[in-house]
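Working notes, beginning with the structure itself.
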Amino acid sequence: MAKILIANQVKQGVSLVDLLAKLGHRPSYRSGKELFYKSMLREERTPSLCVNENLNVWFDHGGAGVSQKQGGNVIDFALAYWFPSDFGQVLNKISETMSLDFPSDLKVNPRPRQFNRQPEKLTNYKVTGVRELGGNAKIATYLQNRGIYEQAKGRIKEVYYEIVTGPKAGKSFFCAGWQNDLDSWELSNQGKHFKFKACLGRKAISTIEGSKVRLCLFEGYMDYLSWLADNPKVTDSVIVLNSVNLLDSALEKILTFPSVQAYFDRDKAGEKAFEKLKQAVPHAQDCSSLYKKYKDYNDMLMNRPSSTVLYEESYIYEKMMSSFKR
């Protein structure tokens, strides 16, 4: 109980920006109320860890580190930063770093700093166009290389956007994109020297409605389209998490289906996600053995030998037999 009270005091009274400064980390640039840092949770060159000063929350657009945490409040950050320290140890480390004193009544500060928890949409981009596939050769090539171009038609769009603030202001970009349940655009693109994933807006799961009885779960949209390539006539409902960290937000919807099949990645994050899913949804089935030699469904599809269609020539039997005549 004491830990919970202290945790509440920390979340209310400790600024994540101040904590980062105490730890020796300074933002690379500011965009509105968001500060961008080079992630201290993993190695990177481009600042992608974002801190919203107003909400006192963070999100690492470059992905989760070893702790598998990708965002949250100040305590979530501390758990990721001091991983694998437990909850109590992390509270102590925050206290030591910020020179906090927890008296017996557990009041960190009689007037703790309050953060605005009201939902708000802070953006540093502007969507300039959304088009059907076919007009951008680079996006088409990317999807063809992933082996899912045909399945992407009507399901993925060409998304064009422009950065309006920060050091990249004025620069325009394009990606393959699909919408999540909050109507934000999930983006993916890859070239010879880069691999890019992001979300324009608030990150959320993507739901494709179908059967009321059968549900299939995927971590990523490319895995969903890869599965669709093998199962073109299925009518199952589908949930794409877009990030394993969004599993909790999908559980309520998942529990409404009597049949649940999960096609998660065959890595530690995927394994932990399925364990969590199984605890909440005991009837969930792990279908990752289908691609047991590969990282995920799309990896299996891309490494699958291409099938050769044999041309059945007219009168082939007669022509073969004629070669034996003397």
Computed over the Cα atoms, what is the radius of gyration of segment 247-298 divided by 2.2 N^0.38 Å, N being its residue count? 1.11
Å³ per residue enclosed by the Cα convex hull of segment 2-97: 86
Sorted on mean Cβ neighbours within 10 Å (highest first), peptides 208-215, 157-164 come out as 157-164, 208-215
To make sure I understand, if each residue's beta carbon is the centre and we count other beta carbons within 10 Å, what order do THR141, THR97 fall in, fewest to most? THR141, THR97
Using alpha carbon coordinates only, what is the Rg to Rh ratio of segment 207-306, with Rh defined as the Kirkwood radius? 0.94
Could you tell me the convex hull volume per residue, in Å³, taken over the Cα atoms of segment 125-200? 97
VAL164 versus GLU150: modelled label distance in nm, points set 7 Å from Cα along the beta carbon direction: 4.1
Using per-residue counts of other Cβ atoms within 10 Å, averaged over each peptide, order 47-56, 285-294 from highest down. 47-56, 285-294
Once Rh for segment 134-268 is found with the Kirkwood sum over Cα pairs, what is the Stokes-Einstein diffusion coefficient at 25 °C and 0.890 mPa s, in µm²/s? 154
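We did not get these values from a lab; they are worked out from the coordinates using the rules stated. What you are looking at is a predicted structure, and each value in this text was computed from that prediction instead of being measured. All Cβ positions, glycine included, derive from the backbone under ideal geometry; neighbour counts span all protein chains shown.
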